[in-house]
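Each remark here refers to the structure printed beneath this line.
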Amino acid sequence: MEVIVAKTAGFCFGVKRAVDQVYEQIEKADQQVYTYGPIIHNEEVVRDLEEKGVKVLNTVEELKGLKDGIVVIRSHGVGKEIYDILEAGGITVVDATCPFVKKIHRIVQEQQAAGRRVIIVGNPDHPEVQGIRGWGNLDTLVVETPEQVDNLPVQTEEKLCIVSQTTFNYKKFQDLVEKFEKKGYDILVLNTICNATQERQVEAKRIASEVDAMIVIGGRNSSNTQKLYEICQKECKNTYYIQTLGDFNPECVNSVRSVGITAGASTPNQIIEEVHTNVRIKF
């Protein structure tokens, strides 16, 4: 049986950078190390960090209650309010925000100052999008579906700036932008989808279209992994979403001639290799 592993599978630059920074703090810090939210959307990595003493803070109230320690800002980034809280508390900050996300924060500030209303294309519940919105103002909006574009409280004469969550589906982003254009808005479109995300999605789609079964590996809360699964499922009906080797059921790829494997940006190479090896051994 042929097994094809996507070259783009696994940690992206921003995620690897963030995880490495946490491990670096564990080695050298003489204070308690915290992350604001799970450093990445992968339970295995978060569990390992917790076993090494890292504590996860999930609320603003917890941040405000800190007296000391080191807080690592995860790759998803945070809004300006969080930096202000940490500065006011005198807490040491290690900023592991992905540089591509940081760029969006700057764009939002600049375009807002230039008089454009910022529209973020993405999942409003995702921490990256919440962080981006935190650099805007009350007029900053988030859209995810064509229906939401139709119902936006925006005047036709308003000037808009459209940015995207870095892991958003590129095709869906294009469709939403086209819908804005047809409505006649004065828009400045800045495609802020990460190149690595686009490459990962394109490669996953290609592999899924060529194999009998497709395995997508990643955390259940990983936005980019969920999008990979959606893309692959459209190309290959036998697409399976797993978090670790423990979730893998060999029967799902029994009697097929070819299997493709891809993984989200928060999936460690070790897990990808374990699944790959297991598929090859079993068949």
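The values are calculated or read from the model by the stated rules, or taken from the named source; none is laboratory data. Because the structure is predicted, anything quoted here is derived from the model rather than measured. Neighbour counts run over all protein chains shown; Cβ positions are idealised from the backbone, glycine included. Note: areas computed on protein heavy atoms with side chains; ligands, DNA, RNA excluded. Shrake-Rupley method; radii C 1.70, N 1.55, O 1.52, S 1.80 Å.
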Options ILE70, ILE39; residue that is in contact (Cβ under 8 Å) with a residue 24 or more places away in the chain and over 14 Å from the mean Cα position of the chain (by Cα): ILE70
Qualifying residue in region 243-256 (condition: within 20 Å of GLY219 (Cα to Cα), open to solvent by less than 10 Å² (accessible area, probe 1.4 Å) and not in a helix (DSSP H, G or I)): no
Pair list, Cβ < 6 Å and 6+ apart or interchain, from region 146-170 residues that are touching a residue at least 24 places away in the same chain (Cβ under 8 Å) to residues that are acidic (Asp, Glu): LYS159/ASP186; GLN165/GLU128
Lone unmet requirement of (1) over 30 Å from ILE271 (Cα atoms); (2) under 17 Å from the mean Cα position of the chain (by Cα) for PHE100: (1)
Verdict on GLU178 being among the charged types (D, E, K, R) and either closer than 30 Å to THR140 by Cβ or modelled with pLDDT of 95 or more (or both): yes
Test result for VAL56, open to solvent by 30 Å² or more (accessible area, probe 1.4 Å) and within 21 Å of the chain's Cα centre (by Cα): yes
Among the residues listed as GLU128, GLU181, GLU158, the single one being of a type in the set (Asp, Glu) and open to solvent by less than 10 Å² (accessible area, probe 1.4 Å): GLU128
Helices (runs of 4 or more DSSP H) lying entirely in region 20-98 (those with 1 or more residues that are within 30 Å of ASP247 (Cα to Cα) and at pLDDT below 95): 43-51
Subset of region 197-241 [of a type in the set (A, V, I, L, M) and buried (at least 20 other Cβ atoms within 10 Å of the Cβ)]: ALA204, ILE207, ALA208, VAL211, ALA213, MET214, ILE215, VAL216, ILE217, LEU228, ILE231
When residues of region 1-46 are limited to those that are touching a Ser or Thr at 6+ places or on another chain (Cβ under 9 Å), crowded, with 17+ Cβ neighbours inside 10 Å and among the polar types (S, T, N, Q), the one farthest from ASP125 (Cα to Cα): THR8
